[in-house]
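Asker: Have a look at this one.
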């Protein structure tokens with residue numbers, strides 16, 4: 001699964017229309033450059049690539065302040081919306097993906113209805129439980145991991161990851177079922193984006209003059 005596609009589509013969608021630096025600024029504000037592959041080059045590449053694929057539409061709105069090509073703002077299309085929600089649902093249910101996938105899904109979970117979000121997370125728990133059962137049945141020795149030497153610690157780690165992942169997900173489900181956060185259709189959502197003139201304390205570089 002492409003985490004960068006989910007992050008970029010979600011960031012553009014939150015703005016309605018956004019230029020490349022706004023998307024980059026938001027993702028850095030969320031710390032995505034630390035826990036995912038959302039680096040500047042990959043962000044701008046994803047924007048251009050998804051515009052070619054019809055997931056975004058590019059609007060040329062103003063000439064560059066340094067005399068380069070016109071500044072471009074991107075807007076998500078109906079096709080892009082479908083892609084976005086497909087990636088989001090997959091990120092929340094897939095238990096066998098890297099942690100950046102789940103992190104991206106959590107960043108946009110409130111774009112879903114509350115009931116659907118809970119259902120997807122319950123699917124995640126079920127997947128983790130099934131994975132754990134498979135590990136224990138086929139790989140974990142009755143005498144414990146040490147019976148296989150230090151190699152046994154690999155399967156021991158898998159079991160603990162499954163247990164901790166399921167426990168954390170159940171706790172999140174409980175908070176959501178208890179009324180935490182504002183989900184789709186419930187009112188004004190929380191939008192963690194920066195205004196154009198708002199400084200980003202987590203920016204990895206200076207504001208570029210050319211906002212292509």
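The values are calculated or read from the model by the stated rules, or taken from the named source; none is laboratory data. In this text the structure is predicted, and so the values were computed from the model without any measurement. Every residue, glycine among them, receives a Cβ derived from its backbone with ideal geometry; neighbour counts consider all protein chains shown.
Asker: Filter the range 65-79 down to residues that are in contact with a strand residue (DSSP E or B) (Cβ under 6 Å, 6 or more places away or on another chain) and at pLDDT below 95 and give me whichever is farthest from residue 22 (Cα to Cα).
Answerer: Checked the range 65-79; the qualifying residue farthest from residue 22 (Cα to Cα) is 70.
Results for (1) within 30 Å of residue 9 (Cβ to Cβ); (2) surrounded by 14 or more Cβ atoms within 10 Å (Cβ to Cβ); (3) assigned by TED's automatic domain parsing to the domain that holds residue 59; (4) modelled with pLDDT of 95 or more, shown as yes or no for each residue.
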position	(1), (2), (3), (4)
94	yes, yes, yes, no
98	yes, no, yes, no
124	yes, yes, no, yes
148	no, yes, no, no
156	no, yes, no, no
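Asker: What residue, of 140, 194, is modelled with pLDDT under 95, part of a loop (DSSP other than H, G, I, E, B), over 30 Å from residue 21 (Cβ atoms) and touching a helix residue (DSSP H, G or I) at 6+ places or on another chain (Cβ under 6 Å)?
Answerer: Sole residue among the options that is modelled with pLDDT under 95, part of a loop (DSSP other than H, G, I, E, B), over 30 Å from residue 21 (Cβ atoms) and touching a helix residue (DSSP H, G or I) at 6+ places or on another chain (Cβ under 6 Å): 140.
Asker: Does residue 119 satisfy being closer than 16 Å to residue 172 by Cα and not assigned by TED's automatic domain parsing to the domain that holds residue 33?
Answerer: Answer is yes for this residue.
Asker: Something else: On the basis of being at pLDDT 85 or above and under 17 Å from the mean Cα position of the chain (by Cα), does residue 27 make the cut?
Answerer: yes
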